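Student: Pasting a structure here, questions to come.
The values are calculated or read from the model by the stated rules, or taken from the named source; none is laboratory data. In this text, all values refer to a predicted model and were calculated from it rather than measured experimentally. Here the Cβ positions follow ideal geometry from the backbone for every residue, glycine too, while neighbour counts run over all protein chains shown. The protein model used for the area step is the full one, side chains on, heavy atoms only, and it has no ligands, DNA or RNA in it. Shrake-Rupley method; radii C 1.70, N 1.55, O 1.52, S 1.80 Å.
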Amino acid sequence: MNSARRPAWMITLLAAVLVAACGGGGGGDGTEPVAGIDRGGRTISQGPINGFGSVIVNGVHYSTAGATITIDGQPAIESQLRVGQVVRVEGTVDANGTTGVARSIRFDDDVEGPVQGIDLAGSTLVVLGQTVRVGAGTSFDDSISPRSLDGLQVGDRVEVSGLVGADGVISATRIELSAAAGEVEVKGTASSVDTTARRFVINGLTVDYSGASLNGFAAGQPANGDLVEVHGTINGSGVLVATQVERRSASLSGTTDDDADLEGLVTRFASATDFDVAGQRVTTNAATRYEGGTAASLALDVNVEVEGGFDATGRIVATRVEFRRESNVELAGPVESVNLAAGSLVVLGTTVRVNSLTRFEDQSSADVERFSLADLRVGDYVEVRAYADGTGLVATLLERDDAQSGVELQGLASSVAAPNFSVAGVAVTTDLQTEYRDNTGASITAAAFFAAAPGREVKVRGSMVGSVVLAERAELED
């Protein structure tokens with residue numbers, strides 16, 4: 001990635017402006033530092049990268065000066081990391097809860113290999129037998145065009161990072177193309193282990209480890225339930241012939257002196273005081289604060305951020321549990337205004353706020369590595385994914401693109417009265433040239449569209465006519 005570099009003093013100034021505009025790290029609304037955690041010792045943080053200007057994880061800006069960075073076990077530098085990659089950071093967090101210093105940053109992809117199948121209707125793909133789910137939280141690298149499942153084909157070799165659910169399905173936070181040659185990689189839970197044939201299965205993938213080097217296995221060989229990382233090649237029968245198999249641990253391996261800041265899916269749930277997040281054991285107590293939900297909201301595959309300290313058994317004793325919101329609105333068009341002080345921008349006549357958890361990425365030819373709200377200018381073309389919090393829209397992802405003709409929006413249709421409707425408060429109108437499609441992509445009549453649209457998710461492509469979007473195409477979505 002070619003970085004548009006700025007002087008150090010300017011980066012510092014912009015980072016300060018952004019923190020002031022977006023609020024502190026950790027809080028559900030990004031407006032207050034996290035309370036109840038001893039910020040003086042080591043903090044182990046895990047989650048997708050939100051942006052750069054340091055490395056931003058779970059809303060905390062970690063300085064990387066002097067940090068050891070590894071990518072798939074190899075030494076790396078900050079500029080090789082990408083927005084959306086799930087990383088583990090060890091370091092310290094300042095008392096303000098918004099800044100810190102990273103001692104180490106580690107990234108390991110969940111799967112890298114050829115695409116075996118794509119389900120556009122189900123928004124999934126299969127890579128090395130692993131099901132990958134694509135959604136509003138997925139960042140696609142600009143090497144994929146268009147940046148969606150439509151930009152991929154069976155046989156493309158991809159690298160996927162994401163949040164893994166209880167069933168092993170990967171909810172992708174980033175997908176990018178990788179080199180066509182070289183070994184494939186997969187990480188997951190071993191099952192159907194046959195120590196005689198020296199084989200096991202990871203979801204739908206059979207692994208032959210008869211000629212592999214084995215690392216970290218107490219019994220010398222894998223066992224059912226082990227979390228493993230496998231490197232190797234695919235043979236003509238679709239079996240991964242491993243050259244290396246390493247036992248990994250989902251535990252953050254913290255001590256009673258350490259703090260934790262973990263985003264992930266609930267992968268085991270016994271009760272609100274006994275559950276796992278991304279394989280890490282968590283407990284709560286009467287002092288635990290919940291944001292965006294209650295203890296009753298906890299369940300398998302719910303996306304949460306957990307903060308707290310470790311007890312003597314290695315569990316995180318949560319002081320705070322935040323339920324992460326998923327975007328259900330998408331806007332794409334030119335920026336009409338930017339308000340740094342308020343931490344907001346206007347697109348398609350709609351004000352969208354950013355916070356410390358908003359994921360920023362510059363996909364334009366400017367390719368600014370340390371991209372933030374401060375880099376936006378009126379007229380820049382952006383794609384925004386957001387959710388409504390009762391007072392307006394909050395962006396979970398903001399990407400800048402090269403200038404494009406037309407605008408797009410997606411969300412629930414309301415105020416439906418042919419030929420007009422609204423999406424996320426944006427007025428839409430249609431005319432005789434508008435194309436209508438159902439959720440399979442098949443053409444339908446205007447009458448069929450307007451009959452089905454109320455309360456339904458729709459996608460609109462068109463142009464701005466004053467403050468109204470004139471739809472060239474209107475599609476019903478799942």
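Student: Here are Val306, Val329, Val302, Val321: which of them is out of contact with any Cys (no Cβ under 9 Å at 6 or more places or on another chain) and closer than 18 Å to Gly392 by Cβ? Working first, answer last.
Tutor: Values: Val306 fails: closer than 18 Å to Gly392 by Cβ; Val302 fails: closer than 18 Å to Gly392 by Cβ; Val321 fails: closer than 18 Å to Gly392 by Cβ.
Going through Val306, Val329, Val302, Val321 in turn, just one is out of contact with any Cys (no Cβ under 9 Å at 6 or more places or on another chain) and closer than 18 Å to Gly392 by Cβ: Val329.
Student: Phe269 passes all but one of (1) open to solvent by less than 40 Å² (accessible area, probe 1.4 Å); (2) within 30 Å of Gly97 (Cα to Cα); (3) touching a Phe, Trp or Tyr at 6+ places or on another chain (Cβ under 6 Å); (4) not hydroxyl-bearing (Ser, Thr, Tyr); which number fails?
Tutor: (1)
Student: Which of the residues that make up the stretch 466-478 are assigned to a loop (DSSP other than H, G, I, E, B) and either more than 29 Å from the chain's Cα centre (by Cα) or within 23 Å of Leu348 (Cα to Cα) (or both)?
Tutor: Gly466, Ser467, Glu477
Student: Now a separate question. Out of the residues in the stretch 379-398 meeting the condition of being crowded, with 21+ Cβ neighbours inside 10 Å and not aliphatic (A, V, I, L, M), tell me which one is nearest to Val460 (Cα to Cα).
Tutor: Per the stated criteria, the residue is Arg385.
Student: Just to check your reading of the model, which residue among Arg370, Arg385 is among the basic types (Lys, Arg) and in a loop (DSSP other than H, G, I, E, B)?
Tutor: On the way: Arg385 fails: in a loop (DSSP other than H, G, I, E, B).
After ruling out the rest, the residue left standing is Arg370.
Quick grid of which residues meet (1) touching a Phe, Trp or Tyr at 6+ places or on another chain (Cβ under 8 Å); (2) part of a loop (DSSP other than H, G, I, E, B); (3) surrounded by fewer than 17 Cβ atoms within 10 Å (Cβ to Cβ):
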site	(1), (2), (3)
Glu176	yes, no, no
Ala181	no, yes, yes
Val186	no, no, no
Ala197	no, yes, yes
Ala219	no, yes, yes
Gly225	no, yes, yes
Glu229	no, no, no
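Student: May I pose another question? For Ser210, which of the numbered conditions (1) at pLDDT 95 or above; (2) surrounded by 13 or more Cβ atoms within 10 Å (Cβ to Cβ) fails to hold?
Tutor: The failed condition is (2).
Student: Can you tell me which residue among Leu376, Leu409 is at pLDDT 95 or above, under 25 Å from Glu477 (Cα atoms) and crowded, with 19+ Cβ neighbours inside 10 Å?
Tutor: The match here is Leu409.
Student: Tell me which of these Asp401 doesn't satisfy, since it passes every other one: (1) touching a residue at least 12 places away in the same chain (Cβ under 8 Å); (2) surrounded by fewer than 13 Cβ atoms within 10 Å (Cβ to Cβ).
Tutor: (2)
Student: Hey, another quick one. Here is a check on your reading of the model: is Ser463 outside any loop (DSSP other than H, G, I, E, B), of a type in the set (Ser, Thr, Tyr) and open to solvent by 30 Å² or more (accessible area, probe 1.4 Å)?
Tutor: When the stated conditions are applied, Ser463 passes them.
Student: Picking from Val93, Val101, Val154, which residue would you name as being open to solvent by 20 Å² or more (accessible area, probe 1.4 Å) and in contact with an Asp or Glu (Cβ under 9 Å, 6 or more places away or on another chain)?
Tutor: Numbers: Val93 fails: open to solvent by 20 Å² or more (accessible area, probe 1.4 Å); Val154 fails: in contact with an Asp or Glu (Cβ under 9 Å, 6 or more places away or on another chain).
After ruling out the rest, the residue left standing is Val101.
Student: Further question on the same structure: Can you tell me which residue is nearest to Val164 (Cα to Cα) among those in the stretch 102-128 that are of a type in the set (Gly, Ala, Ser) and at pLDDT 95 or above?
Tutor: Looking at the filtered set, the residue picked out is Gly113.
Student: Can you name the residue in the stretch 249-266 that is surrounded by 21 or more Cβ atoms within 10 Å (Cβ to Cβ) and of a type in the set (Asp, Glu) and, of all such residues, is nearest to the chain's Cα centre (by Cα)?
Tutor: Glu263
Student: Can you tell me which residues in the stretch 121-147 are at positive phi and open to solvent by 30 Å² or more (accessible area, probe 1.4 Å)?
Tutor: Within the stretch 121-147, Ser123 is the sole residue that qualifies.
Student: Something else: Tell me, which residue of the stretch 436-460 that is assigned to a strand (DSSP E or B) and not β-branched (Val, Ile, Thr) is surrounded by the fewest Cβ atoms within 10 Å (Cβ to Cβ)?
Tutor: Per the stated criteria, the residue is Ser443.
Student: Looking at the stretch 235-243, is at least one residue assigned to a strand (DSSP E or B), surrounded by 17 or more Cβ atoms within 10 Å (Cβ to Cβ), touching a residue at least 40 places away in the same chain (Cβ under 8 Å) and not aromatic (Phe, Trp, Tyr)?
Tutor: Yes, the stretch 235-243 has at least one match.
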